[in-house]
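Here's the structure we're looking at; comments come further down.
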Amino acid sequence: MGTHPSENPQASEQAPWHTMSIEESIAKMGLKADLQKQGLSVDEAASRLSKYGPNKMTEKEKVTIWQRIWHQINNVLVYVLITVAVVSLVQAVTTDNSNTRFTAWFQVALIVSVITLNTWIGIYQEGNAEKAADALKNMLSTDARVIRGGKEIMIPAGDIVPGDICLLGLGDKIPADLRLCSVSNMATGEAALTGESVPIDKVTEALSPPDGLDPEQVPLGDRKNMAYSATLVAQGSGMGIAIATGDFTQIGTINRLVNNTETIKTDVLKQIDQVSKYLFVCICTMCTATFLTAFFYTD
């Protein structure tokens, strides 16, 4: 079972991998020097899976359809419309005048239609954020080739752990963020992360950051000894060490930002809410005045 992102050891074990040599990266992760040939042992992989959790991105808690509906109708003006609809419904049921009955039923149908349409539009717009998160999940690889115990095997991508040696071929989706340790004419398409439409050629040498930049300020597209989860091998082949999985990959960071996006009200919506409250007070005042006038002055 995975841990909460803030509790995951990966949160404190990140490093500027692109500035480190392959040997330094292996040592930093506390792994054996023959990792590239032997990979992790079965026991090491199981221990790391328990420590770091599965290679999956955290999903945002789903909002039920009833919660979405309530969010749309929890509005002062909607309350006013519902009240009017109820009054019109009572009038339609109790009146003996056919014209009055028709008018009352028409008002009920019109108000219900307006509320329903407004609710449907709001729910549709709210669903766009969830679709963005789902699109990120669909970009992920479903399986991966790794070396474990000296053997090349195929495993579910969710079982990859930091320290795994992942093998890459033409057309493969990269299953985790990797520090490349071997490449053969390899290039990856990273448009999903960097917007760069041209595949980026990969190298294995450690890279020094440009003058004046910290290692973390180096653009992803310039970290040519790295390969990132959900990107595609456009040509060649290679091998890399998994240095980040799940929420701690670059695509996982984007997923967290999408899931943590808060819905805020624009100034226009705030003004509409304020006007709604004024209208509510005015309507209640007028209704009360009309009722009292009819009650005390009508013969």
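The values are calculated or read from the model by the stated rules, or taken from the named source; none is laboratory data. Only a predicted model underlies this, so the values are computations on that prediction, with no experimental measurement involved. FYI the Cβ positions are ideal-geometry reconstructions off the backbone, even for glycines, and counts take in every protein chain you see. Protein only, heavy atoms only, side chains kept; ligands, DNA and RNA dropped before computing areas. Shrake-Rupley method; radii C 1.70, N 1.55, O 1.52, S 1.80 Å.
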**Exceeding the 27 Å Cα-Cα cut-off - candidates 28/51; 37/173; 151/202; 32/60** = 32/60
**Prompt:** Over the chain, what is the relative contact order in whole percent, taking alpha-carbon pairs under 8 Å and six or more residues apart?
**Reply:** 23 percent
**Asked** By Kyte-Doolittle mean hydropathy of at least 0.0 and Cα axial length of at least 24 Å, which whole DSSP H helices of the chain are selected?
**Response** 76-94, 98-138, 267-297
**Item:** Gain on full stretching of the segment that runs from residue 296 to residue 87 - 0.36 nm per residue minus C-alpha separation
**Value:** 73.1 nm
**Prompt:** How about region 194-299: which trypsin sites (Lys or Arg not before Pro) there lie in a loop by DSSP and see at most 11 other Cβ atoms within 10 Å?
**Reply:** 265
**Complete:** Binned at 5 Å starting from 0, the alpha-carbon pair-distance distribution of region 173-278 in whole percents comes out as 2, 11, 18, 19, 15, 8, 5, 4, 5, 5, 4, 2, 1, 0
**Fill in**
Any aspartates and glutamates whose Cα falls less than 13 Å from that of residue 56, other than same-chain ones fewer than 8 residues away, would be 134, 143, 159, 177, 247
**Complete:** Contour minus Cα-Cα span, residue 268 to residue 152, at 0.36 nm per residue, comes to 35.9 nm
**Request:** Count charges around residue 164 for me, please; just the other residues with Cβ under 9 Å from its Cβ, Lys/Arg as +1, Asp/Glu as -1.
**Result:** +1
**Complete:** In deg cm²/dmol, rounded to the nearest 500, the helical mean residue ellipticity at 222 nm of the chain, built from -39500 (n - 2.57) for every DSSP H run of length 4 or more, is -15000 deg cm²/dmol
**Request:** Take the Cβ-Cβ distance between residue 214 and residue 260 as r, set R0 to 41 Å, and report the resulting FRET efficiency rounded to the nearest 0.05.
**Result:** 0.95
**Message:** For residue 284, what accessible surface area do you get with a 1.4 Å probe? Give it in Å², rounded to 10.
**Reply:** 60 Å²
**Asked** Please report, for the Cα atoms of the chain, the Rg to one decimal and the Dmax as a whole number; what are they, in angstrom?
**Response** 29.9, 102
**Asked** What does the accessible area per residue of the chain come to in Å², with a 1.4 Å probe and no ligands, DNA or RNA counted?
**Response** 60 Å²
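Would you mind telling me the share, in percent, of accessible area of the chain contributed by carbon and sulfur at probe 1.4 angstrom?
Details: 10790 of 18000 Å².
Taking all protein chains in place, the chain shows 60 percent carbon and sulfur surface.
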